[in-house]
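What follows is a short report on a single structure.
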């Protein structure tokens, strides 16, 4: 019975998301296959409708996006990215400082404890930060709520701002494989899926993004262009990620701790503004297109920002490299940084 209920709630979420995606595509909104499903299912869930998305759905969406992004890393692209290593490192340091500054602001605005504020504002994946926060005594529900709201705001605000500003590039970076070959596609699916399973076994964060991406990068950088991904697969991946994000919201989301949620929203807006300022500075010294730099340093996720870059033809490999490096660095460093901050704070007393 529980299986049937879960299946029905998923099919309902899928139907709502698909209709919203088609409507957004007709209205020519940015990222219609992600923003439409995300907003529609989130609104439906907060209105009391029981929707769900199995973890396999999210993983399937992440696989499609990770594989599609990995196909951009041709030998020529890898050479270009090597020259940006210093700027990528600067982006990581900036993200860590930005998270710390926003944590201080969230603590002051909402009154939430410093530990919860620290993990709630760390610019990383929701599940990873909630897990790390739980180990150190943070309020997990508030950490998860903060990241859900942040991702939703970034996914909506940046693409729409770019749309209204008429931002659109002519990306010099193109995928290594541009034609779909049936045999090559089957081989690509098999190899990238094995990569995802390996990364998952190794307990890597975002295993179904990073595993397929790593395999696709190795293949493409080595000159093995098996096949392009059909566009419908990329759309389906966005749809799956959209409903996976949207179904995280609950009817209680807007009714619990309104001061806290309002504070998170203000901190997210502040983070977007500060990140944009840093991006313009980075662009001026690195030669990276300003819009590409904004996506690369924004407080969003790998899939969402890289997809925006793909849609607008704005340096997909650069945006992806910045976000992947930031995620990996944050997961490794967030625990030691928190403990260092605790020792420094208590040492002053």
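Summary of values
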| read-out | value |
| --- | --- |
| Choice from 238, 28, 132 with maximal GNM fluctuation in the chain (Cα, 10 Å cutoff) | 28 |
| Unit Cα scatterers, Debye sum, the stretch 189-267: log10 I(q)/I(0) for q = 0.17, 0.22, 0.26 Å⁻¹ | -0.83, -1.05, -1.21 |
| Cα gyration tensor shape of the stretch 25-91, rounded if a/c is under 1.5, else prolate or oblate by comparing a/b with b/c | prolate |
| Evaluated at q = 0.09, 0.10, 0.18 Å⁻¹: base-10 log I(q)/I(0), Debye formula over Cα of the stretch 215-349 | -0.42, -0.51, -1.28 |
| R0 of 22 Å, Cβ-Cβ distance residue 113-residue 157: FRET efficiency to nearest 0.05 | 0.20 |
| Distance (nanometres) between label positions extended 7 Å along Cα→Cβ at residue 182 and residue 259 | 6.4 |
| Net length gained if the chain between residue 12 and residue 337 were fully extended (0.36 nm per residue, minus Cα distance) | 112.8 nm |
| Segment residue 50-residue 235, extension gain: residue separation times 0.36 nm, minus the distance between their alpha carbons | 64.2 nm |
| Per-residue Cβ neighbour rank within 10 angstrom, fewest leading, 186, 161 | 186, 161 |
| Rg and Dmax of the chain, Cα atoms only, in Å | 19.7, 66 |
| GNM result for the chain, Cα springs below 10 Å: residue of 333, 233, 121 fluctuating most strongly | 333 |
| Potential lengthening between residue 25 and residue 280 on full extension [0.36 nm per residue; Cα-Cα distance subtracted] | 88.8 nm |
| Residue with peak Gaussian network fluctuation, the chain [Cα springs, cutoff 10 Å], from 244, 83, 52 | 83 |
| Globularity index of the stretch 5-152, i.e. its alpha-carbon radius of gyration over 2.2 N^0.38 Å | 1.28 |
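Bear in mind these aren't lab numbers, they're just calculated from the coordinates by the rules spelled out. Since the structure is predicted, the reported quantities are computational estimates derived from the model, not experimental observations. Counting neighbours? That spans all protein chains shown, and the Cβs are built from the backbone with ideal geometry, glycine included.
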